[in-house]
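Asker: The structure's right below; bear with me while I get my questions together.
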């Protein structure tokens, strides 16, 4: 059932477009090209580590997944209300399947990172084995956020807009276009509370082993798990009410 | 047919109740923040209240009552797409719901993909879908449009495809909510034949309809709902009489 819905999402996403599945690689590639142009050709900046485009993409691609999954899971029950209303499956599935389908799109975008890594001869370190951990942590966090937001958005529709604004802010308070080294000393404790800081440090470890910070990862893991538990509880509590509203 | 426990009722509804708020459907954040809508009295309306009955496997049940008396809500509770606020609704065995049947279809995907997806969503395995695919296509008379996007079908065709899929689920319980009213005469005849074939084969049937002829044809037992309560539960003919005389009085 779960797999079926994930496949459905991916099919719907590319239905009717001429290039179809190719877009899952083409899209991040073109995005990367834009960022490459802006941050290495136009702007002369000193953020992050070198090669900067690899440093950027290592966090930007998972951010794209995060951003897309939060936006979509928040609307999951509202957009597919007809389906939710007519099929009796575990209602959590409507949310979780989006985390998975967006995650698969992220995996499809990894060749783009590999391409730039080869072009810029970035050195691969053993920390590449930490990628699955980062992936699992991000899935946990996203599942929690999705389960929390999806029922709330049905009940208070304005939340959908709030989510979009918060995501925009969240992008800038997360080390994506900059690295944890660029964060001023005074703010480091605040940034450490952002669960994405630890998760993204793991992603970057593949090419920049110094980025991995186990204290941050620990905070991320605890927070992600807590968010998942809260999300699960809220979802279970609101399920009855939500079914009446959609 | 999926295995069903043979002892005891297949559906148990016990003191089931469900309430909806009759206030504004969507609370806006503005109201929430500035007028404090939390303090406002939200009126509750019980769509169903203290409803109890049991259904044995193979029974055919027609639900009657005027509009807004809880008929469709009852069907949704049995389908599991609504949850009771009070009491319990136990359904042992799978349900094939002919409720909002075109809901799960995606306009941009082809008819072929839609058939596979919807069948899968309602619990059919891949092997079962393969085995029944041709049957479904034949029944819906949709061979020539298999690769067309679903959105290009006429509304009659859409319902035909949906009915074909859901009626091939081979679940022990079939729920029908007014869908018999759609489609042309020829297709309706086919649907009737299919439903009769299923009930003869032992499928438990639940029908909500305003068509007395349909109810008499398919149902042995009638449930009459008024104001969310169960007024009568017995032979279909009697249920129709009770409903008829009550609504006659109202007029």
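The values are calculated or read from the model by the stated rules, or taken from the named source; none is laboratory data. This structure is a prediction, so every number in the text was calculated from the model and none was measured. Methodologically, a virtual Cβ is constructed for each residue, glycine included, from the backbone with ideal geometry; neighbour enumeration extends over all protein chains shown.
Asker: Looking at segment A:11-34 only, could you name the residues that are within 14 Å of residue A:101 (Cα to Cα) and within 11 Å of chain B (Cβ to nearest Cβ)?
Answerer: A:11, A:12, A:13, A:14
Asker: Additional query: Among the candidates A:77, A:107, which residue alone is assigned to a helix (DSSP H, G or I) and surrounded by 22 or more Cβ atoms within 10 Å (Cβ to Cβ)?
Answerer: Of the residues listed, the single one that is assigned to a helix (DSSP H, G or I) and surrounded by 22 or more Cβ atoms within 10 Å (Cβ to Cβ) is A:77.
Asker: Look through segment B:149-202, keep the residues that are touching a residue at least 40 places away in the same chain (Cβ under 8 Å), part of a loop (DSSP other than H, G, I, E, B) and farther than 21 Å from residue B:75 by Cα, and return whichever of them is nearest to the chain's Cα centre (by Cα).
Answerer: This residue is B:201.
Asker: Quick one: which residue in B:174, B:121 is buried (at least 19 other Cβ atoms within 10 Å of the Cβ) and touching a strand residue (DSSP E or B) at 6+ places or on another chain (Cβ under 6 Å)?
Answerer: B:174
Asker: Give the residue, chosen from A:71, A:40, that is away from every other protein chain (no Cβ under 14 Å), without any contact (Cβ under 8 Å) to a residue 24 or more places away in the chain and assigned to a helix (DSSP H, G or I).
Answerer: None of the others qualify; the one that does is A:40.
Asker: Is it the case that some residue within segment B:16-34 is away from every other protein chain (no Cβ under 14 Å) and either at pLDDT below 90 or on the phi > 0 side of the Ramachandran plot (or both)?
Answerer: no
Asker: When you go through (1) surrounded by 15 or more Cβ atoms within 10 Å (Cβ to Cβ); (2) at pLDDT below 90; (3) in a helix (DSSP H, G or I) one by one for residue A:47, which number turns out not to apply?
Answerer: If we test residue A:47 against (1) surrounded by 15 or more Cβ atoms within 10 Å (Cβ to Cβ); (2) at pLDDT below 90; (3) in a helix (DSSP H, G or I), just (3) comes out false.
Quick grid of which residues meet (1) modelled with pLDDT of 95 or more; (2) over 22 Å from residue A:78 (Cα atoms); (3) in contact with a strand residue (DSSP E or B) (Cβ under 8 Å, 6 or more places away or on another chain):
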position	(1), (2), (3)
A:122	no, yes, no
A:134	yes, yes, no
A:141	yes, no, no
A:144	yes, no, no
A:154	no, no, no
